[in-house]
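In what follows, a structure is listed as structure tokens, so that the remarks can point back to it.
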Amino acid sequence: RLVFAAGLAAAAGSSSYDVTFEVTLAPGEKASFDVTVHPEWAPLGAARFKELLDSDFFGGARFFRVISGFMAQFGIHAKPAIAGEWRDKKSVDDPVKESNKRGMISFATSGKDSRTTQMFINFGDNANLDGMGFAPFAVVKGDGMKIVDRLYSGYGEGAASGAGPEQGRIQGEGNKYLKKALPKLSYINAVRLTGAPAKAGGDEL
């Protein structure tokens, strides 16, 4: 069911703003990068991201599909019950105004008007995605892609074509499955407005 429409996007605001991704690249190796969200590029996508940000959605979420030269995908909640709640909160599509170039962030889809919580960061120039309806809503700032480039990519594509995780199992088992089967995945500790104080205990779930 579609529960996200233009009114909600307008309520979320139209001015760009910065957020900081605090991540664990590998055990004991933490880093961060900044992202600018641009509601004028994709108002509904930007509003959904703000909704997720305000819900503290991202803590513990794995970069579960990282393909060198292509993109890094994330956005399934660490806890299956919460992931399940969001699966039905689908957003209608935005027109594609910007191209999926290196550093651009777009929501993943499974077809028309199917965006929920999964998104990806483009590693390269993926302009071929533009015509498929993937609308960038944000971009990694400055040298931040030097950090994104270090996200663990050793598992490659997801099952069954690669050594990566099964998305159905991520949805159904959450981090319990990922921590056991794919322990090297990089993950998000927290996403916060840039300049806001870090929350105590913002770490792996």
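Roughly how many percent of the accessible protein surface of the chain is carbon and sulfur, given a 1.4 Å probe and a whole-percent answer? Intermediate values should be presented prior to the final figure.
On the way: 4810 of 9320 Å².
Roughly 52 percent, rounded to a whole number.
Find, among the GluC sites (Glu not before Pro) in the stretch 112-182, those assigned to loop by DSSP (not H, G, I, E, B) with at most 13 other beta-carbon atoms within 10 angstrom.
E157
Can you work out the Karplus-derived ³J(HN,Hα) for every residue in the stretch 170-183? Use 6.51 cos²θ - 1.76 cosθ + 1.60 with θ = phi - 60°, whole Hz, and x for glycine or proline.
Calculated HN-Hα couplings, in order: 4, 4, x, 10, x, 5, 4, 5, 5, 5, 7, 8, 9, x Hz.
For the stretch 92-102, in order, what is each residue's ³J(HN,Hα) by Karplus, 6.51 cos²θ - 1.76 cosθ + 1.60 with θ = phi - 60°, in whole Hz (x at glycine and Pro)?
Rounded to whole hertz, the list is 5, 6, 9, x, 7, 9, 10, 8, 7, 8, 3.
Given a cut-off of under 8 Å on Cα pairs at least six residues apart, what relative contact order in percent is computed for the chain?
29
Of K89/K184; K79/K101; K79/K199; K141/K179; K112/K179, which sit over 25 Å apart, Cα to Cα?
Working: K89/K184 30 Å; K79/K101 31 Å; K79/K199 19 Å; K141/K179 29 Å; K112/K179 32 Å.
Where the Cα-Cα span goes over 25 Å, the pairs concerned are K89/K184; K79/K101; K141/K179; K112/K179.
Using a 10 angstrom cutoff on alpha carbons, build the Gaussian network for the chain and name the most mobile of R150, R115, R48.
R150
Using a 1.4 Å probe, what is the accessible area per residue for the stretch 12-68, in Å²? Numbers along the way, then the final one.
Details: 1950 Å² over 57 residues.
Accessible area per residue: 34 Å².
If I take every Cα pair under 8 Å that is 6 or more residues apart in the stretch 89-205, average their sequence separation and divide by the length, what percent do I get for the relative contact order?
Across the stretch 89-205, relative contact order equals 19 percent.
Divide, for the chain, the radius of gyration over alpha carbons by 2.2 N^0.38 Å, where N is the residue count.
Here the answer is 0.94, to two decimals.
Using θ = phi - 60° and the Karplus curve 6.51 cos²θ - 1.76 cosθ + 1.60, what whole-Hz ³J(HN,Hα) does each residue of the stretch 26-42 get, with Gly and Pro shown as x?
Coupling constants for the stretch 26-42: 7, x, x, 10, 9, 7, 8, 8, 9, 10, 9, 8, 10, x, 5, 6, 8 Hz.
The values are calculated or read from the model by the stated rules, or taken from the named source; none is laboratory data. Remember, predicted model here, so these are calculated numbers, not experimental data. Methodologically, a virtual Cβ is constructed for each residue, glycine included, from the backbone with ideal geometry; neighbour enumeration extends over all protein chains shown. Note: areas computed on protein heavy atoms with side chains; ligands, DNA, RNA excluded. Shrake-Rupley method; radii C 1.70, N 1.55, O 1.52, S 1.80 Å.
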